[in-house]
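To keep things clear, I will list the structure first and then write my remarks on it.
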């Protein structure tokens, strides 16, 4: 067996590192779900424990389409009509008619000029910067952008800089500072995944127009539900068609399987088609996902019912948490962080909520900044009022146990520390 | 294997260099030595091969700044110390803030 050939020193070193992760409380354990994704799921946790039916408040299934019967039917039909695998990258023999069809539909939906599919949005972010920028250019990113953007920027030879989170004054300083560069690309998430706040996209676009810079938005936590018709943060801020590059995922609201895209100016997308390494050297997006995503676009284009319900759920959930006395991050997205500040407290509260039948995850350093530990709750259009009532009951019970209801940040920190 | 040779330079009486002074002195001497010394002749062939392949090759001295915290490591280079430190600060800052999937 191959494992027998591992040098003992390697095992010792890796074992020590794993031990250190466990000691620091950073070891990630998967919770096995024995059901399709949905508002209520059956979870085996810890491993070997009897299945527990819990209310899911931590998935990115924003529109509740992950297991929607029409999406499943479209996936089955796609499988029958176009097969399972393509055994090729796109540019050799991996492009089917439905890949092009989905790219055209996304272009129309996102209000851009062209679109290119990737296996994931992580891949899109990993490939796009290197494909379009050179050492004559600069990337100026919000300091809270997604990790995959950071990785993509590291792979690109353009100069890197950052601006303080959503600080437009600081962004303008940076645009002026880099005025000598050939191109300046301002990079932001549309919705930031940890705090759930929205980028000030109208102001960013205005600044970029003023300084002749380009705008990049990762709209993964927005596509399908932010904006009046779910076209994302550009729609929400009235700048549809004015964002030069959008990346997004089909792994969250848009069906939740996998896949992503770069969408934007025609030349940018074409350069990605020619140069983006995750596109060139990784297999084509599976036909079954393409077929299902086309159906998702049909569903979200036909009615705003689901995004409206999601918006309402988020509003109600924010109100319920506030009325119960929890300290939450204000905002308008379906990402609602419940602030606990202390890492152990966040873990304890998440554990107790799970025991009460509510599945949430505690986040703490280094996932969030030190002293910013929290529970991130995420709403779905699949949640009903019955679900939200049940969830808030559990939150109240656990909050009472830890005496954090109605308490300010200072009071929580005073009692539990940072 | 190359033998590392060192040079001791007595400082004038009364001079009390701080760590930054010593770094500067060290860097200055290293720069002079690097500029004075010729590259290994074996590089000529490699450089010719690169040029035949269409590469325009140039080289020069750079500053290197590094930051280490437990297993985290970042380094940046630049033609000036300011640029190296600026690059380092950006790289570290990228991973300072919280992120989640």
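Each value in this text was obtained by applying a stated rule to the coordinates, not by laboratory testing. Keep in mind the model is a prediction, meaning the values are calculated, not measured. For neighbour counting, all protein chains shown are included, and Cβ atoms are generated from backbone atoms with ideal geometry for every residue, glycine included.
Could you state the angle between the C-alpha long axis of helix A:201-210 and the longest principal axis of the C-alpha atoms of chain A, as a value from 0 to 90 degrees rounded to the nearest 10?
30
What's the center-to-center distance, using Cα atoms, between the stretch A:340-418 and the stretch A:25-88 in Å?
Using only Cα atoms, the two centres lie 24 Å from each other.
Which residue fluctuates the most in chain A, going by a Gaussian network model with Cα springs under 10 Å, if the choices are A:22, A:53, A:210?
Between A:22, A:53, A:210, it is A:22 that shows the largest mean-square fluctuation.
Two-decimal Rg/Rh of the stretch A:90-244 from alpha-carbon positions, Kirkwood Rh? Working shown, then result.
Numbers: Rg = 15.4 Å, Rh = 16.0 Å.
Over the Cα atoms of the stretch A:90-244, Rg/Rh equals 0.96.
Under a crude label model (7 Å from the Cα following the beta-carbon direction), how far is residue B:21 from residue B:50 in nanometres?
In this crude label model, residue B:21 to residue B:50 measures out at 3.9 nm.
Any chance you could run the full-extension gain for residue A:270 through residue A:93? It's 0.36 nm times the residue separation minus the Cα-Cα distance, nm to one decimal.
Working: separation 177, 0.36 × 177 = 63.72 nm, distance 1.81 nm.
So the chain would gain 61.9 nm between residue A:270 and residue A:93.
Counting DSSP beta bridges in chain A, what percent are antiparallel, to the nearest 5? Mind showing how you got there, number by number?
Working: 27 of 46 bridges.
Antiparallel bridges: around 60 percent, rounded to the nearest 5.
Å³ per residue of the Cα convex hull, for chain B?
Values: hull volume 21.7 nm³, N = 101.
Convex hull of Cα atoms, per residue: 214 Å³.
Hey, fewest Cβ within 10 Å first, where do A:242, A:295 land in order? It would help to have the intermediate numbers written out before the result.
Values: A:242 16, A:295 20.
Sorted ascending by nearby Cβ count, the order is A:242, A:295.
For the residue pair residue A:393 and residue A:155, what label-to-label distance in nm results when each label sits 7 Å from Cα along the Cα-to-beta-carbon direction?
Simple spin-label model gives 4.8 nm for this pair.
Restricting to the stretch A:169-252, compute how many DSSP beta bridges are antiparallel as a %, nearest 5.
Values: 1 of 9 bridges.
Just about 10 percent of them are antiparallel.
For chain A, with a Gaussian network of springs between Cα atoms less than 10 Å apart, report the residue from A:315, A:277, A:31 with the top mean-square fluctuation.
A:31
I'd like to compare A:106-113, B:87-94, A:257-264: which one has the highest average count of other Cβ atoms within 10 Å, and what's the full order after that?
A:257-264, A:106-113, B:87-94
For chain A, with a Gaussian network of springs between Cα atoms less than 10 Å apart, report the residue from A:245, A:269, A:367 with the top mean-square fluctuation.
In this elastic network of chain A, the residue with the biggest mean-square fluctuation among A:245, A:269, A:367 is A:367.
What's the angle, to the nearest 10 degrees (0 to 90), between helix A:343-355's Cα axis and the longest principal axis of chain A?
For A:343-355 against chain A, the angle is about 80 degrees.
To the nearest 500 deg cm²/dmol, what mean residue ellipticity at 222 nm is calculated for the protein assembly as shown from DSSP H runs of n ≥ 4 alone, each contributing -39,500 (n - 2.57), summed and divided by the residues? Could you put the intermediate results ahead of the total?
Values: 18 runs with 219 residues, N = 519.
The helix-only estimate for the protein assembly as shown comes to -13000 deg cm²/dmol at 222 nm.
Percent of alpha carbon pairs in chain A separated by more than 30 Å?
On the way: 41001 of 87153 pairs.
Cα-Cα pairs of chain A separated by over 30 Å account for 47 percent.
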